[in-house]
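J.: Provided herewith is a single structure, encoded as structure tokens, for subsequent inquiry.
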Number of protein chains: 2
Amino acid sequence: MHRDEIPPGTLYLMILKTLARRRELHGYEIAKTIQQNSEDVLQVEEGSLYPALQRMLVKGWVKASWGTTTENRRARFYRLTPLGRKQLEIEQSQFERVVNAITRVIQTA
Amino acid sequence: MHRDEIPPGTLYLMILKTLARRRELHGYEIAKTIQQNSEDVLQVEEGSLYPALQRMLVKGWVKASWGTTTENRRARFYRLTPLGRKQLEIEQSQFERVVNAITRVIQTA
DNA sequence: TATCCTTCCATAGTCTAACTATGCATCGCC
DNA sequence: GGCGATGCATAGTTAGACTATGGAAGGATA
């Protein structure tokens, strides 16, 4: 089954939202969660995910701590910060706003 | 009123769709049409539009011819090619597919 | 034992495309 | 004269998702 590329910018939104409902997740879990929730349409490449998480750390949207998974593997766990939670709201409303606008254009046009 | 940036890739879609229902339009008209149909949410910058039209010419999605506007100005008119029409269908279904997937992620997550 | 898949992290480098800034020209209006 | 709107176009910047690649550790299997 063919997978599509993720439109630049929306990766942040999906990561933020995925983290918002959990206490903490590590990178691999985030990727798998997004893939599953998109019903396999979206595939988050590792070369996209980890740089994005680094940027989000710098921006202060997430915090990270090293730990071990249930399978006893070394992993880095990410948690949303209050700033990240605010950013999520911004990104979400922005997304809806833009998608609605585009939809109007390609319906009305 | 704050305007949002256009997600990379969707500009093609909006231009194609805008041209699909007209015989021909020049660049400035395309920009204004998109802006109006989006209810002023989307602002197509000239520095985005004209390079995009050039690329679409190269791809063979549009044809161009010089003429004069109703206001007697020199302008370049663009028309959709059959290839452009096919591309429109591709872009449109791709857009819906991806947006639906993202929506699932940010609702389910 | 060797091999292979999966899980997990990370970086380097490429590439697309939307952006800002800038330049040009003409028209109408004040 | 100046200014805004109409029109086209290019140069250079930037963000961010991608490919490719590297590593390490676990479990399964031959």
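The values are calculated or read from the model by the stated rules, or taken from the named source; none is laboratory data. Just so it is clear, the model here is predicted, and its values are computed rather than measured. Please note: Cβ atoms are built from the backbone with ideal geometry, for glycine as well, and neighbour counts cover all protein chains shown. Each accessible area value is taken on the protein alone, full model and side chains, heavy atoms only, with ligands, DNA and RNA left out. Shrake-Rupley method; radii C 1.70, N 1.55, O 1.52, S 1.80 Å.
J.: With the requirement that a residue be within 7 Å of chain B (Cβ to nearest Cβ) and either among the polar types (S, T, N, Q) or touching a Gly at 6+ places or on another chain (Cβ under 7 Å) (or both), what does segment A:1-32 give you?
T.: A:P7, A:T10, A:T18
J.: Could you please let me know if B:L16 is modelled with pLDDT of 95 or more and either among the hydroxyl-bearing types (S, T, Y) or within 24 Å of A:F95 (Cα to Cα) (or both)?
T.: Here the answer is yes, as B:L16 does meet what is asked.
J.: Another one. Out of segment A:63-87, which residues are in contact (Cβ under 8 Å) with a residue 40 or more places away in the chain, away from DNA strand C (no atom under 11 Å from the Cβ) and open to solvent by less than 90 Å² (accessible area, probe 1.4 Å)?
T.: A:R79, A:L80, A:G84, A:Q87
J.: Give the residues of segment B:88-109 that are more than 7 Å from chain A (Cβ to nearest Cβ) and either of a type in the set (A, V, I, L, M, F, W, C) or more than 16 Å from DNA strand C (Cβ to nearest atom) (or both), sorted by residue number.
T.: B:L88, B:E89, B:I90, B:S93, B:F95, B:E96, B:N100, B:T103, B:Q107
J.: Still on this structure: Filter segment B:1-53 down to the residues that are more than 11 Å from DNA strand C (Cβ to nearest atom), assigned to a helix (DSSP H, G or I) and hydrophobic (A, V, I, L, M, F, W, C) and list them by number.
T.: B:L16, B:L19, B:A20, B:I30
J.: Going by the conditions given, is B:E45 more than 7 Å from DNA strand D (Cβ to nearest atom), at pLDDT below 95 and under 18 Å from A:N100 (Cα atoms)?
T.: On the way: more than 7 Å from DNA strand D (Cβ to nearest atom): yes; at pLDDT below 95: yes; under 18 Å from A:N100 (Cα atoms): no.
Here the answer is no, as B:E45 does not meet what is asked.
J.: Turning to a different aspect of this structure: Can you find even one residue in segment B:64-76 that is within 14 Å of another protein chain (Cβ to nearest Cβ) and either within 15 Å of DNA strand D (Cβ to nearest atom) or over 25 Å from A:I6 (Cα atoms) (or both)? Working first, answer last.
T.: In the first step, residues of segment B:64-76 are kept if they are within 14 Å of another protein chain (Cβ to nearest Cβ); the result is none.
Within segment B:64-76, none of the residues are within 14 Å of another protein chain (Cβ to nearest Cβ) and either within 15 Å of DNA strand D (Cβ to nearest atom) or over 25 Å from A:I6 (Cα atoms) (or both).
J.: Of all the residues that make up segment B:54-109, how many are part of a helix (DSSP H, G or I) and of a type outside the set (K, R)?
T.: Total satisfying the criteria: 27.
J.: Sticking with this one: List every residue pair whose Cβ atoms sit under 6 Å apart, with the two residues 6 or more apart in sequence or on different chains, where the first one lies in segment A:41-53 and is more than 14 Å from chain B (Cβ to nearest Cβ) and the second, anywhere, is outside any loop (DSSP other than H, G, I, E, B) and near DNA strand D (Cβ under 7 Å from one of its atoms).
T.: As it stands, the answer is A:A52/A:L11, since those pairs meet every condition given.
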